[in-house]
Structure formats: structure tokens, C-alpha cells
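One structure is given below, encoded as C-alpha cells.
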Amino acid sequence: MISEKVIIAGFGGQGVMLMGQLLSYTATAKELNTLWFPSYGPETRGGTANCSITISETSVNSPVISTPDSIIIMNKPSLDKFQPKLKSGGHLFLNTSLVTDVEVRKDVTVHNVEANGIAIKLGNLKVANMVMLGAYLEITKLFDSESILDVLKKKFTGSKALLIEINKLALEAGRKAVQ
């Protein structure tokens, strides 16, 4: 039975909301119940941003996630804020390009992904979010990359359609990073 609660957090401008939307919209396309709940800091870019996504075969009754199954952390302040909430045995995905020399809990599985470095090697730092999403999908097996890309193609139209290929490469690089 599918039941996943995930919090994604980082600086504004890191694509945190896009990751959450892609997960939620993909769940909807697969006729699952889902709730995406964004939260922004006072600044748009550079401030804090996070979102909570619940995906389930059963009804989703609240946007509040007190103990997520997984957290995707794009920066250190987000680790400090959300690591204590992660359930014991949960998955902690760290963007080790920005989160280094940190204390992590011993009762969770840590997945280190040098997302910014991988994105730069692909030629576009802005796809670090897709690298992290690919790593998350590889570990959780929640959705395949094609399902995510189908939603991305609907979201990225016009001139943004040119970005689909690099996002596809970033998803696959993220998957490979945790294999």
C-alpha cells in the first residue's frame, strides 16, 4: 500500500516547490490521494522554503506532517529545522554540496547526494533539485522518472520546454548517485 509523507526544504530559488508539485501532480495522475502544502519564508529568493507532500491510497485529511517518512534537505538551516521531525527508520536525503560537517541521527538512513556538483557537471546548477528528486525516487521507488517527466512536460511549455532534456538527465544522475 502506498503511503508516503515527505518534507522538502531549502532556500527559496532552489526548486523546492517544484519538486513537491511534481510529486503531488504525479500522484494525482496515478489516481492516488495527495496533498501538497507549501510554506515560504519572508523572502522569495534566498529565504527559507519548504513543502509537505502526502501521497496515499487512502484519504489524506491534513496538510500537517508531524513525522515524515522522508525529508529532502537542500541546505543546512533546513536540516536543523526538520531532522528532529523525521521518523525513526526514515530516509534523510542531504544535498552534501551545501550540507557538510553536520550531526545526523543514527536511527535514520542517510543518503548523501552532491546535488549542486552533479548539476554543475550537467551544465546547469538550477537542476540540483531534479538530482535530489531522482535520488529520492530511486530509494523510495514511489514513481518512475517517466511519470515525473510526463508531468514536467505539461508544466514546462513554450520556451521552458527546452529545459525538459536537462531535467531528465538530472533525474537519472540523481538515481545513479544513490545506487
Checking Ala173, Ala177 in turn, the sole residue that is touching an Asp or Glu at 6+ places or on another chain (Cβ under 8 Å), surrounded by 17 or more Cβ atoms within 10 Å (Cβ to Cβ) and either over 27 Å from Thr28 (Cα atoms) or in contact (Cβ under 8 Å) with a residue 24 or more places away in the chain (or both) turns out to be Ala177
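Determine whether Leu142 is touching a residue at least 24 places away in the same chain (Cβ under 8 Å), part of a loop (DSSP other than H, G, I, E, B) and aliphatic (A, V, I, L, M). Walk me through how you get there before you give the answer.
Numbers: touching a residue at least 24 places away in the same chain (Cβ under 8 Å): yes; part of a loop (DSSP other than H, G, I, E, B): yes; aliphatic (A, V, I, L, M): yes.
In short, yes.
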Of the residues in region 149-170 that are surrounded by fewer than 19 Cβ atoms within 10 Å (Cβ to Cβ) and β-branched (Val, Ile, Thr), the one that is modelled with the lowest pLDDT is Thr157
The lone condition Asn75 fails out of (1) touching a Phe, Trp or Tyr at 6+ places or on another chain (Cβ under 6 Å); (2) more than 19 Å from Glu138 (Cα to Cα); (3) crowded, with 22+ Cβ neighbours inside 10 Å is (3)
Residue check for Asn129: closer than 20 Å to Lys5 by Cβ and either surrounded by 15 or more Cβ atoms within 10 Å (Cβ to Cβ) or at pLDDT 95 or above (or both) = yes
In region 102-141, anything among the hydrophobic types (A, V, I, L, M, F, W, C), over 15 Å from Leu92 (Cβ atoms) and more than 14 Å from the chain's Cα centre (by Cα) is listed as Ile118, Ala119, Ile120, Leu122, Leu125
**Asked** Any residue in region 63-77 that is farther than 25 Å from Glu172 by Cβ, touching a strand residue (DSSP E or B) at 6+ places or on another chain (Cβ under 9 Å) and of a type in the set (Lys, Arg)?
**Response** no
Those strands (runs of 3 or more DSSP E) completely within region 12-125 that have 2 or more residues that are at pLDDT 95 or above, within 23 Å of Val178 (Cβ to Cβ) and of a type outside the set (A, V, I, L, M) are 48-56, 91-95, 109-113
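The values are calculated or read from the model by the stated rules, or taken from the named source; none is laboratory data. No experiment lies behind these values; they were computed from the predicted model shown. Every residue, glycine as well, gets a Cβ built from its backbone with ideal geometry; the counts of neighbours run over all protein chains shown.
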